[in-house]
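Here is the structure we will look at.
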Ligand code: SF4
């Protein structure tokens, strides 16, 4: 019905490090070549946890955008924008909030986790409770069908789907819907119309999901339908409502996890991070002073890679022969830790070289980033305005 758009955002609350690169950005770079993507700086989301320290947000926003571009996000393939520059996100969030039960938000698992993890902040706020709903608006405003997430975010997507379903159920009613849908069926042409009705019956009477999928694919291919008829026919397949908001799907990402220098999660606040554009000497120094297996006190003591954070870096950065060399050399005390760390240093420096090069032009001329984002804001806004037109109309707020 709508193109398979991908939407994802990141909070600008500090500079980006290699953990972000391996955990999310690499996946974005892959996705941008496959589907239309919209990636945004989630500055309003950052305010839900940093409302008392907003200064960090603007600074981090521009740094983060340069990091994205340096990492290989290509603005000619992807729409890059800043959330608060597309105020339709907030309008949809507000409208969705009217009909979203409080319990749905309170039971989002990451809500309680975050309150526990960030116990130094007072997060008993209206904005923080509502952040999963703002996320739902971020996605639905673009009628995006795919959201790249890790396992822990799947419940958020489930909730987004429930919200879209509830919205369509409440506001997708249309006077004379059945008659209009039947007329739209005829516009498919007699052969397709017959098949559509058969598939609809198979789905509605026998619950055959394949029939639903086949019918949807057929509608995707039908060229001669107006947008309104298309929405009706999608809605008529499943019931008697128009589908105004799209139920998004989680696109699970098998991200490689790069831990911090001490083996814990990489985070600037733990002091265990390597910045995305860290300079080469600093990378070498940080890796050389990384802790290793505590059992290797002397060079002659054998070690166990499973107890060494450097090994986790090898798992991300080294090929199989190098990994075999590390395992053998460590367990037999055949290699020293400094020797073992060198291939990791070389691999990180090599990975970062093109990032430094790409970043340079944006550091030399910051107006380039401003221009990319201004274009992205406009493009995103046009899509968002289309959705809001339909949403307002469905809710009786069009005032035409
Ligand atoms: S040889 Fe390598 S894997 Fe073994 S303890 Fe030293 S740094 Fe870690």
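The values are calculated or read from the model by the stated rules, or taken from the named source; none is laboratory data. None of these values were measured; they are calculated from a predicted model. Reconstructed Cβ throughout: ideal geometry from the backbone, glycine too, with neighbour counts over all protein chains shown.
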Could you figure out which of (1) closer than 27 Å to residue 60 by Cα; (2) away from the ligand (no atom under 12 Å from the Cβ) isn't true of residue 345?
-> (2)
Quick one: how many residues across the stretch 316-337 are touching a helix residue (DSSP H, G or I) at 6+ places or on another chain (Cβ under 7 Å), more than 8 Å from the ligand (Cβ to nearest atom) and touching a residue at least 24 places away in the same chain (Cβ under 8 Å)?
-> 3
Within the stretch 265-315, how many residues turn out to be in a helix (DSSP H, G or I) and within 15 Å of the ligand (Cβ to nearest atom)?
-> 14
Picked from the stretch 136-157 (must be in a helix (DSSP H, G or I) and out of contact with any strand residue (DSSP E or B) (no Cβ under 8 Å at 6 or more places or on another chain)), the residue modelled with the lowest pLDDT is 152
